[in-house]
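Structure record follows, encoded as structure tokens.
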Amino acid sequence: MKAGAHVSTAGGPATGFERAEAIGAEAMQIFLTPPQQWRSSKVEESDAEKFRARHTDSAVGEVFVHGVYLINLAASDSVMLQRSTSSLKSAMLTCSQLGVQGVIFHLGSHKGTGLDSVFEQICVACSHVIESTPEDVQLILENSAGSGGTIGSSFADLGRIMREVGSNRVKVCLDTQHSYAAGYDLATAEGLEIAMTEFDKEVGLENLVVVHANDSKVELGAGRDRHENIGLGPIGREGFARIVAHPAFREVPFLLEVPGLDGKGPDKPNVDILKELRAEAGVPE
């Protein structure tokens, strides 16, 4: 298990390594473009070379890209759907260029029409992205908190999409806060075991490649995406101690997307907590 974080790449993709190292992160997640805008994620080959060289020299291990927030593979508007698939393809191509493991993204929202109404469209879009991009990059579905018709709040829905797409390049990112807000009680021993048993049945633990480690600002089942620093929300330090110690997560990198104690994003104190919990659980570094 690696203790990692989302970091800024202001000044170029390679700058993320310096920021990750400064807070002791052992894995990192980055944006290729501003997450609220449609922009090409293409990078110059010179910048890609710097990134690859810096990665080779860095203690930071796994690296992931997070897709832009505008992506919605359930969109009823054809232009929105085209932009969403194009954005994913562009990010996947750049991941291959940089040597990054894959793109984590939110599937989007059916706007209240239900998953069945958009299921085929989502699966066709995912298949198109997979077929149009290099085989060395993963397309990583992130579970949602469930508000506003967001897709993937249940592990069964993610598993259903994965089986229909039928590619071993489709993987899953489990967000602890989204899971908790969606009704999976990761804060208790019993709730964690129930959740991960369901995850294994519906998705398969072998398809879990990364965890977004976030405490919650909202209560169990609240359905809202609101992140809190580790130990300061209802999942709590004890809850995260159990999560870190659970066999399902032993070899999966944890990426912080917390507000930070100073409100500036993931920081060293939060990374240190994950490392302390890992040491307490006897999990190998």
Under the rule of -39500 (n - 2.57) per DSSP H run of 4 or more residues, summed and divided by the residues of the chain, what mean residue ellipticity at 222 nm is obtained, to the nearest 500 deg cm²/dmol? -12500 deg cm²/dmol
Simple spin-label estimate for Leu232 and Ala156 in nanometres, 7 Å along Cα-Cβ: 3.6 nm
Check which residues have an amide H placed less than 5 Å from Leu256's amide H, if you skip close sequence neighbours. Gly4, Ala5, His6, Ala213
Could you sort out which of Lys50/Lys89; Lys171/Lys264; Lys171/Lys217 sit more than 25 Å apart by Cα distance in this structure? Lys171/Lys264; Lys171/Lys217
Can you match Cα extents along the principal axes in Å to one of these, (1) 49, 43, 39; (2) 43, 41, 37; (3) 48, 45, 32, based on a calculation from the structure here? (3)
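Using the Kyte-Doolittle scale, which helices in the chain average at least -1.0 and also have C-alpha atoms spread 24 Å or more along the helix axis, with helices defined as whole DSSP H runs? Before the final figure, lay out the partial values.
Details: long enough: 78-98 (30 Å, 0.28).
Sorted by number, the helices that extend far enough and score high enough are 78-98.
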Lysines whose Cα lies under 19 Å from that of Lys268, excluding same-chain neighbours fewer than 8 positions away: Lys2
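Each reported figure results from applying straightforward, stated rules to the coordinates on display, with no laboratory input. Worth saying up front: this structure is predicted, and the values here are computed from it rather than measured. Neighbour counts run over all protein chains shown; Cβ positions are idealised from the backbone, glycine included.
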